[in-house]
Amino acid sequence: MAGSKLPRRRRFRRQGASGTAEGGTGPAEGLGAPAVPSAGLPSVTGDDEGSGRESEAGRMHAMKHGVHKTRVRARAGLAHLADRLIENAPRVPVRDLRTLRKQFPGLGPEEIADKLIAGAANATSTVGAGIGAAAMLPVPPAMPAELAAEITAVAAVELKLIAELHEVYGQRAPGTLKERGLAYLTAWTEERGIDVTKPSTVNAALGGRMKRELRRQIMKRSLRNLPNLMPFMIGATVGAMMNRRDTKKLAEKVRKDLRSRQVPWDALPDLPPLEQPKTLPAELPDHVRRQIEG
C-alpha cells in the first residue's frame, strides 16, 4: 500500500509545479498571467494614420498631374495638326469645271460627281490600308504619328473632292486661292456645302470658331481611325473599309447641300481658270500625291 501511494504524491507535486495545486495560492503559468502585447505586431498610432493619408494624397496628386499633362499634350497635338491642315488647304490642286468636262466628256453633273466620289473613296481606302499594314511591322512606327499622317492624307483627298464638287454644281467659293482653300476646309470640318450666296458662310473660315470646329473634327477622325492600328492585317482591312465609307458619307452630305443650290452649266458665267498652287503638301504619300494631281 505504501508503495502505491508514493507515485500518486509525486504526480500531485508535478502538477503543482506546472499549474495551481489543489488548494494552492500561486497563479498557474500561462493561464493566470496578464496578457502582454506581442512585440511582433504593428501598432496603429496617429503618426501612422497621418503618413497613410499623406501617401494617398500624394498618389492622387500624381494621378491628377498625369491626367493634366496628357490633356495638355493632346490639345497641343490637335492644335499642331489643325495648323497643318490650314496650311495645306490652299496647296491642294483643284480642277475647274472646264477641265473636268474635258476629262469626262459627254457626262453630266451627276455622272461626273459619281466619278469623283468613287476615285476619292478608292484613294482614302488605300491610305487606311497602308496605315493598318504599318501596325503589323516588327517595329511599328509611332502610332500618334501614323494617325496624324492618315488624317492629313485623307483630308487632302477629301478637300480636293469637296472643291471639285463645288465646281461641278456651279458653286465655286469666291476669293483668292487661300480664301477658297480655307472655305473648303470649313466645308470639310462641318461636313456641308458652302452657300456662296451667303458671305457669312465663307467668311467663317477666317475666324477662331473654324479652328475650334476643326480640332473637334480631327479628334472625331482620330477616334474613328484607332481600329486601323490593329495588327495582323485586321487594321488594314478595317482601315480601308472605314475610310471608304467615311469619304462617301462626307461626299453625299456635301453633294446634297450643293444639289439644292445647283446652278445649271448653261447659266453659269464664264469663270476664269482656277489658280493652282506651286507646291503640294510635302508629307503626302506618293499615291495620294498622284490622286490629287490627277
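Okay, here's what the table says:
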quantity: Flagged links, alpha-carbon separation over 24 Å, of Lys160/Lys253; Lys115/Lys278; Lys102/Lys198; Lys115/Lys256; calculated: Lys115/Lys278; Lys102/Lys198
quantity: Potential lengthening between Ala118 and Met219 on full extension [0.36 nm per residue; Cα-Cα distance subtracted]; calculated: 33.8 nm
quantity: Inter-label distance for Lys102 and Leu177, nm, one decimal - labels placed 7 Å from Cα along Cα-to-Cβ; calculated: 1.8 nm
quantity: FRET efficiency, 1/(1 + (r/R0)^6) with R0 45 Å, evaluated for His80 and Glu111 via beta carbons; calculated: 0.70
quantity: Extension gain (nm, one decimal) between Trp265 and Ala282, 0.36 nm per residue minus Cα-Cα; calculated: 2.6 nm
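Values quoted throughout were computed directly from the atomic coordinates according to the rules given, and no laboratory measurement underlies them. Predicted model, so just to flag it, every value in this text is computed and none were measured. Every residue, glycine as well, gets a Cβ built from its backbone with ideal geometry; the counts of neighbours run over all protein chains shown.
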